[in-house]
Amino acid sequence: MPSVAAYRGRFGPAQAERLLWRAGFGPRRNEAQKLAQLGLADAVHSLVYPGREHFVGPQPHDEKGRPLAPYDAWGHDHLWWLDRMIRTSRPLVERMTLVWHDWFATSNQGVGSQRLMIGQNNLFRAHGLGSFHELLNRVTEDPAMLVWLNGSDNSKYSPNENYGREMMELFTLGAGRGYTETDVRQNARALTGFRNDWKRNVGLTNFRYDPKYHDTGTKTIFRKRGAFTWKDSCRLCVTHPDHPSFFVAKLWSYFVPTAPDAHTAAALQQLYVKSGYEIRPVLAAILRHPALYTGPRMVKSPVLYTAGLLRRLGRPIDTSAWTWLDSMAGQQLFYPPNVAGWDDTRWLDTARWRGRWWIAQYALNPYALDPGKAKQPYDAKKLIHDAVGFWRNPALGPGTTVALQAFARNVVADARKDKWKQQQYPPMAQNALRHLIAVSPEFQTA
Amino acid sequence: MNDNCNHCAGLDRSRLLHKAIAEAGKGLPAIEPGMPTPAGTGLSRRRFIAHGLGAALAVYGATRLDFRAFHEGIAEAATAPPQQVLVSIFLEGGADALSVLSPQGDPLYRKYRTSLALAGGTPLAEDTRLYWHPALGGLQQLYGEKKVTVMPAIGYTHADQSHFTSRHYWEVGATDTRLNTGWLGRYLDVVGTASNPLQGLSLDDTLAPSLATGKVPVAAITAPDQYDFWSNRVWGEVQDRMLETFGLFGRQPADPALRTAGGVAVQVDKLRNQLLPFQGQDGKPGYTSPVTYPTSDDDFPKKLAGLAAMLGAGLPLRAVAMSAPGEYDTHSDQPGALASGLQLTSDSLLAFQRDLEARGLANRVLVHVWSEFGRRAEQNGSNGTDHGAAGVGFLVGSRVKGQMVGEFPGLQSGLDDDGNVVATADFRGVYSSLLEQWLGVDAGKVIPGASSFQRTQLVA
């Protein structure tokens, strides 16, 4: 069996920080240093086998101090998950939950129930690192998915191909890879039998499998014949020869921006099949791969950007603003734009960059210095030093450093003639520098 | 909003999101929407284009188009002969056709609409069973001038009662759930150019699906005076210095993600500077209108005023899409909500028509008002109405024929098994007719199965 290469270079705080961004939501205070001490293999092991979950830091609440109501209050679903991203002891589990939310993209726009959406979310959380076959089984009978892709409208009396098609096209094989339109129609027949009711004041309820609505006839899927059911559909898709390559390429793309070389892809596919379609070993191999540490950076998604800022600041969820701010930046959780999920190549444009500007502004709000009272050095270098220190000394490249220096020098020069400016401009400059660092290219990427 | 409507819950949330943004925006200084034109600003058209518009655009489907090509494309297109313009206005939620044009002359109307039935007003000259909703005085006035074509039962057979599905059909111009380009987008793919994103312009927060193209770029515009930046407890020259710093983030090493982030920061810097002249002052937009538009918290009249000003400036628009103000998914307490939305829509459209007339542009612009479906003939138990089938639509403009398309089928024999009004005209036939008669293209290139839909003479 071909082996997957592992990174053998220095695994210091910089590498550990990158791992924390790719496999989680960025480092909390001193977290990268601690992870680096474990070494690469143990660091990855600690992420893929995180143990029992516990939460770090204060409970989330809205701006009036009230607890979140994720099932009921608009936008609190987003806040509820964002809080988990910030406080969990299992960042990779949350990160994989986000991966599956994008992979099996379901939008509450079509489901219309935060309770069902969170139910699906918890499914991703519980099974996100286990067997993909099991995950697919559970997604197929998940109420939110049954509503979203019309699984419970699909009966032997009136077949609906929606889920049967996306199961192949988006979830297991890829568009036009290894299936025909006939396979789609036959697969839809195999998937019949799910039902649900609607009750006043309850909404969608009583999701079930009712054999009366199942088409018991013989189907032909991928040239195989049988009286297939929905479980056969899942099995046929996962064991399809074109599935491992789809799975590996898609999973890899969430963690490394450049495609794997042919040898790596083949080795990961073998690992996947030999393990019995287990997610964890493939994931661990990707997280140890040299391309993750030596390759280019990735643009953070808006949610990753927000969660990362709050983790770095040690600030809990204490406002509901994050929902609309993240939406403005292009990513409201539980509302992916369509069945294909978010477009990871389009996180930044002029409008969305402005959304991130406001995210950073809101994140920094409680820390803003009062220019009339706060004392800050009337010295460009010291101001920058303090601002970088505020963010726990992130590595900033020469381009960003030059920009910050130009700003700080100009402000110091502007204040030269007036005594009051020499007192008030430095705290303002400190506020500005922190904000500028938060929107710098280094903070938008990881 | 009635709670037995699964899909409406999503609709409601989508609105709440927009509302949340708008309300959050109230905390920000000087947000006053409006689009710039040279009129009254002292700017030349070239500067107007360079400063005002290109900058305010989010460009779709044109990833390889750089800024220069973009400006050149607009400048080039602006020198071409003026094009006919179609403005698509969407009444989101399923407007109640039986209130917009109430069939007071139908003996069953009061039976079905026990508390909602409207009484009095003015009947339509073409069908005296139908009465204009009292809030539609503006449209009624234009109808009297033969500038409105009425479509009292427009739709398609076996109407889908999901907001999303039915709206999708209307947007893509086919009853096909998988089609992912809009009907106006495909029209632009036929006649448009690769260098003029303004040819398809969305005047909402997001790109209208009807404008989604397969090839050529289209754009969404936000009001330039909404592109503001500030920071907490940073002001005066320090803030100016701070915002100047964006442009310096562009010097990044070879890493593609860093370069993307730096490059966008530089674009933001350009954009911000280009838009500085248009930051609203005292709540006034950077252009003047020859007529008075309705005043409202809703941006709709301002968007139309800005659109007229853009056309007045000779900008190369062909298809424009926007949503009408108001709440049309009236499952409960229908009368007030419906009236206020219709009033503002109708008053604004009247002002827009007068504006175009004053600018000498009225022969170039046709407005299409549509909704994804109508509502059930029989009212529900919440003083509202549930999702129906055929809906109501209008064409507005100096060049419209002003002759009814389809007919009101009556409540006796014109309802389907679910008690919904059946369509007497197909929206794809209207699209095909508009494409051929107004936009001058072969509808067969845009609407799937176009030859099977009946054409109506829509343009005089």
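Miscellaneous remarks
- For A:286, A:317, order by how many other beta-carbon atoms lie within 10 Å, fewest first: A:286, A:317
- Each residue of segment A:399-407 was assigned a 3J(HN,Hα) from its phi angle through the Karplus expression (A = 6.51, B = -1.76, C = 1.60, θ = phi - 60°), giving x, 5, 4, 4, 4, 5, 5, 4, 4 Hz with x at Gly and Pro.
- Residue by residue, segment A:94-108 carries 3J(HN,Hα) couplings of 5, 5, 5, 4, 5, 4, 5, 4, 7, 5, 9, 3, 10, 10, 5 Hz when phi is fed to the Karplus relation 6.51 cos²θ - 1.76 cosθ + 1.60 (θ = phi - 60°); x denotes Gly or Pro.
- DSSP bridge pairs, the protein assembly as shown: antiparallel proportion in percent, nearest 5: 60 percent
- Rel. contact order, % - alpha carbon contacts under 8 angstrom, at least six apart, segment B:78-172: 22 percent
- Here the residues A:274, A:156, ranked from fewest to most Cβ neighbours within 10 Å of their Cβ, fall in the order A:274, A:156.
- Residue among B:103, A:148, A:316 farthest towards the positive dipole end of the protein assembly as shown, charges placed on Cβ: A:316
- Taking θ as phi - 60° and the Karplus parameters 6.51, -1.76 and 1.60, the scalar couplings of segment A:415-432 work out to 7, 4, 8, 10, 4, 5, 5, 5, 8, 8, 5, x, x, 4, 5, 5, 4, 5 Hz in sequence order, x denoting glycine and proline.
- For the protein assembly as shown, with +1 on Lys and Arg beta carbons and -1 on Asp and Glu, the positive-most of B:415, A:345, A:395 along the dipole: A:395
- Here the label points at residue A:42 and residue A:220, each 7 Å from Cα along the C-beta direction, are separated by 5.9 nm in the simple model.
- Rounded to the nearest 20 debye, the dipole size of the protein assembly as shown about its Cα centre is 2920 debye, using +1 on the Cβ of Lys and Arg and -1 on the Cβ of Asp and Glu.
- Size descriptor, Kirkwood hydrodynamic radius, that averages inverse alpha-carbon separations across segment A:13-294, Å: 20.4 Å
- Within the listed set A:396, A:271, A:310, the residue fluctuating most in the Gaussian network model of chain A (springs between alpha-carbon atoms under 10 angstrom) is A:396.
- In a simple Cβ point-charge model (Lys, Arg +1; Asp, Glu -1; nothing else charged), chain A has a dipole of about 960 debye relative to its Cα centre.
- Comparing Cα centroids, segment A:245-320 and segment B:294-333 end up 44 angstrom apart.
- Bridgeable aspartates and glutamates around residue A:64 (alpha carbons under 16 Å apart, same-chain partners fewer than 8 residues away excluded): A:318.
- Segment A:14-64: GluC sites (Glu not before Pro) in DSSP loop, at most 15 other beta carbons within 10 Å: A:53, A:63
- Assuming charge only on the beta carbon of Lys and Arg (+1) and of Asp and Glu (-1), the dipole of segment A:291-389 about its Cα centre is about 280 debye to the nearest 20.
- Which of B:176, B:329, A:232 has the fewest Cβ neighbours within 10 Å, and the rest in rising order: B:176, A:232, B:329
- Residues of segment A:382-407 with an amide N closer than 17 Å to a point placed 7 Å from the Cα of residue B:251 along the Cα-to-Cβ direction: A:396-407.
- Listed residue pairs exceeding 23 Å between alpha carbons, taken from A:156/A:231; A:199/B:111; A:381/A:419; A:382/A:419; B:146/B:302: A:199/B:111; B:146/B:302
- The modelled label-to-label distance between residue B:119 and residue B:454, using points 7 Å beyond Cα along the C-beta direction, is 3.6 nm.
- Here's the picture: charge each Lys and Arg Cβ at +1 and each Asp and Glu Cβ at -1 in chain A, and of A:182, A:133, A:444 the one pushed furthest to the positive end of that dipole is A:444.
- Of the two radii for segment A:372-446, the radius of gyration is 0.99 times the Kirkwood radius, both from the alpha carbons; that is the Rg over Rh value.
- Highest-MSF residue in chain A out of A:79, A:20, A:38 [GNM, Cα springs under 10 Å]: A:38
- Structural descriptor for segment B:122-203: relative contact order 11 percent, calculated from alpha carbon pairs under 8 angstrom and at least 6 residues apart.
- Contour excess over end-to-end distance, with Cα ends at residue A:10 and residue A:253 and 0.36 nm allotted per residue: 85.1 nm
- Pair-distance distribution P(r) for the protein assembly as shown, from all Cα-Cα distances in 20 Å bins starting at 0: 13, 42, 36, 9, 0 percent.
- Distant-in-sequence amide H partners of residue B:331 (H built 1.01 Å from N, under 5 Å): B:2, B:385
- Relative contact order, whole percent, for segment A:385-446 stands at 44, derived from Cα pairs under 8 Å and 6 or more residues apart.
- For segment A:282-385, trypsin sites (Lys or Arg not before Pro) meeting the loop criterion (DSSP other than H, G, I, E, B) and having at most 10 other Cβ atoms within 10 Å: A:373, A:375.
- For segment A:172-229 versus segment A:1-55, the spacing of their alpha-carbon centroids is 41 Å.
- Between segment A:370-405 and segment A:114-134, the alpha-carbon center distance in angstrom: 43 Å
- Inter-label distance, residue A:210 to residue A:59: 4.1 nm, where each label sits 7 Å from its Cα along the C-beta direction.
Quick note: the coordinates plus some simple rules give every number you see, no bench work behind them. Just so we're clear, the structure is a prediction, and the values are computed from it rather than from any experiment. All Cβ positions, even for glycine, are placed from backbone atoms using ideal geometry, and neighbour counts span all protein chains on display.
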